[in-house]
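The values are calculated or read from the model by the stated rules, or taken from the named source; none is laboratory data. Keep in mind that what you see is a predicted model, and the values were worked out from it rather than measured. Cβ placement follows ideal geometry from the backbone for every residue including glycine, while neighbour counts extend to all protein chains displayed.
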Amino acid sequence: MAWAEDCVVRGEVDLADGRLSDVVNELDFLTFTAASLEALEDGRTVDVGELEVERRDLHLIEVRGRRGDPDRRLRTIEERVVLEVGPFTVTGNLHRPPNTQPMAALARWSRFVPVTDAVFRHGPDVPERHEEVLLVNRERIAKSHPLHYMPSPSEPWDGAPPA
């Protein structure tokens, strides 16, 4: 399942022997089979069979299944962040190597960055959704804030850090 600006894309993506994150970061187009589109605005659903979607049109991608070889995983530091990704607000953990600066995952990693223990929504009246792992399109991130951010006394505070 993936989320674009105005719809949810459901369907299967052929991964061969790879991981979804590798496939998404290598290809310019993703092909969904047995696909359907659900409008975020009114929930209307359309079955479309096979659908080719340009990677940059996707904002968020749900990760299920293969997580890769545990022996190849690198030690990372988790940073809890809030991301504004198109119409979506995502809260979750970014992971970075210990020898890099905070928020470095947003500047140096692949096109889609994994966010773990992710909670997201696309509007104030929409229930939150939780995903163990969510791939976030770096090109679509408008704002990012570490959750340990504290405003100075002269800044207005509305519950979210300033841009």
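Go through the range 73-94 residue by residue and tally those that are over 28 Å from residue 127 (Cβ atoms), surrounded by fewer than 14 Cβ atoms within 10 Å (Cβ to Cβ) and either at pLDDT 85 or above or not hydrophobic (A, V, I, L, M, F, W, C) (or both). Explain how you work it out, then say what you get.
So the first thing to find is which residues in the range 73-94 are over 28 Å from residue 127 (Cβ atoms), and the list is 73-77.
Filter once more, keeping what is surrounded by fewer than 14 Cβ atoms within 10 Å (Cβ to Cβ): 73-75.
This time we only want the ones that are either at pLDDT 85 or above or not hydrophobic (A, V, I, L, M, F, W, C) (or both), so: 73, 75.
So the answer is 2.
Output the residue which, of all residues in the range 36-47 that are within 14 Å of residue 3 (Cβ to Cβ) and among the aliphatic types (A, V, I, L, M), is surrounded by the fewest Cβ atoms within 10 Å (Cβ to Cβ).
To start, the set of residues in the range 36-47 that are within 14 Å of residue 3 (Cβ to Cβ) comprises 36-41, 43.
Filter once more, keeping what is among the aliphatic types (A, V, I, L, M): 37, 39-40.
Working: 37: 19, 39: 12, 40: 17.
So, considering only residues that are within 14 Å of residue 3 (Cβ to Cβ) and among the aliphatic types (A, V, I, L, M), the one surrounded by the fewest Cβ atoms within 10 Å (Cβ to Cβ) is 39.
Kindly indicate which of 97, 70, 114 is modelled with pLDDT under 90, crowded, with 18+ Cβ neighbours inside 10 Å and closer than 23 Å to residue 22 by Cβ.
Of 97, 70, 114, the one residue that is modelled with pLDDT under 90, crowded, with 18+ Cβ neighbours inside 10 Å and closer than 23 Å to residue 22 by Cβ is 114.
Considering only residues that are in contact (Cβ under 8 Å) with a residue 40 or more places away in the chain and of a type in the set (A, V, I, L, M), which ones fall in the range 89-125?
90, 103
Among the residues of the range 7-57, how many are at pLDDT 95 or above and part of a loop (DSSP other than H, G, I, E, B)?
1
Scan the range 120-138 residue by residue and report those that are more than 14 Å from residue 84 (Cβ to Cβ), modelled with pLDDT of 90 or more and of a type in the set (Val, Ile, Thr).
The answer is 133, and nothing else.
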